[in-house]
């Protein structure tokens, strides 16, 4: 897994498609009764990014940057980090409630208050961690590992809300091994769609 970040240039344009995928197993009896099992606890996210103009006029230009990133990942082989402009940060997000015994808590985010909690495994920068609204010091009050697991050096008091503020990435890969670019004018290219999908962390 690489730590390279999907290039911000060239900039994709609207529309941007984002899909959430879950997996279920359904069986239907001849009577019409159904038995349904949920196979995934967490979703796979899909993005379709559209580019309408990429300049290839200079070495290291927009076209070269995107093609080089695709080739360096060897198509769909390697993963990378992606910033979703509408889902990239939280402010005072609750990631745990003290119970008087647990000291390790995984960072997460919800899209609405008290909504579906999705773990955050790829941080963008250093988060601010609070216990009952009081900011804690990294390396003194807690330690945080590379996948967003916060381990306190003390036991949070039962009922204390543990919150964090910070930014994060989605770990992704390209959906396909083929990228097609259309040259429509001298040194100008466009690519109808680049497809990405999130990758689950074991």
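The values are calculated or read from the model by the stated rules, or taken from the named source; none is laboratory data. Just so we're clear, the structure is a prediction, and the values are computed from it rather than from any experiment. Cβ: placed from backbone, ideal geometry, glycine included. Neighbour counts: every protein chain shown.
All conditions but one from (1) farther than 17 Å from residue 8 by Cα; (2) loosely packed, with under 12 Cβ neighbours inside 10 Å apply to residue 94; the one that does not is (2). Going residue by residue through region 49-56, is there one that turns out to be modelled with pLDDT of 95 or more and surrounded by 12 or more Cβ atoms within 10 Å (Cβ to Cβ)? Looking through region 49-56, at least one residue is modelled with pLDDT of 95 or more and surrounded by 12 or more Cβ atoms within 10 Å (Cβ to Cβ). Picking from residues in region 2-46 that are touching a helix residue (DSSP H, G or I) at 6+ places or on another chain (Cβ under 9 Å) and within 16 Å of residue 197 (Cα to Cα), the one that is surrounded by the most Cβ atoms within 10 Å (Cβ to Cβ) is 6. Output the residues belonging to region 148-173 that are crowded, with 19+ Cβ neighbours inside 10 Å and not in a strand (DSSP E or B). Within region 148-173, 148, 156, 169 meet the criteria. Listed by position, the strands (runs of 3 or more DSSP E) contained in region 50-127 that have at least 1 residues being more than 17 Å from the chain's Cα centre (by Cα) are 89-97, 104-106. I'd like to check something: does region 174-187 contain any residue that is surrounded by fewer than 11 Cβ atoms within 10 Å (Cβ to Cβ), over 27 Å from residue 64 (Cα atoms) and in contact (Cβ under 8 Å) with a residue 60 or more places away in the chain? For region 174-187, residues surrounded by fewer than 11 Cβ atoms within 10 Å (Cβ to Cβ), over 27 Å from residue 64 (Cα atoms) and in contact (Cβ under 8 Å) with a residue 60 or more places away in the chain: absent.
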